[in-house]
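In what follows, a single structure is set out as structure tokens and then discussed.
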Amino acid sequence: MSVNALTTQIDRYHDKLLNLCSNLIQCQSAHPEGRTVECVEVIREYCDRVGINTTNHTKDPNKPNIVAHI
């Protein structure tokens, strides 16, 4: 994807990107605990809304990882 095409997409989805980033920033994920549960849930909900399949991988229940299949 060219820089111009990427810039066009960012401009097109500006408000949605800001909303997603705002929701992620509000998640409680500070160290030393480093819990990612809330962040993963925000990302999963977003992906569900836009039709992106995800899977979670968890060794520590407080620190799941999410993979988006695009």
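Okay, here's what the table says:
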read-out	value
Apportionment of accessible area to carbon and sulfur, the chain, percent (1.4 Å)	55 percent
Three-way shape call for the chain based on the alpha-carbon gyration tensor, with the a/c threshold at 1.5	prolate
Helix-only CD estimate at 222 nm, as mean residue ellipticity for the chain, using -39500 (n - 2.57) per DSSP H run (n ≥ 4)	-16000 deg cm²/dmol
Mean Cα-pair separation over length for the chain, i.e. relative contact order, pairs under 8 Å, 6 or more apart, %	23 percent
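The values are calculated or read from the model by the stated rules, or taken from the named source; none is laboratory data. If you're wondering where the values come from, they're calculated on a predicted model, not measured in any experiment. For accessibility, only protein heavy atoms count, side chains too; no ligands or nucleic acids. Shrake-Rupley method; radii C 1.70, N 1.55, O 1.52, S 1.80 Å.
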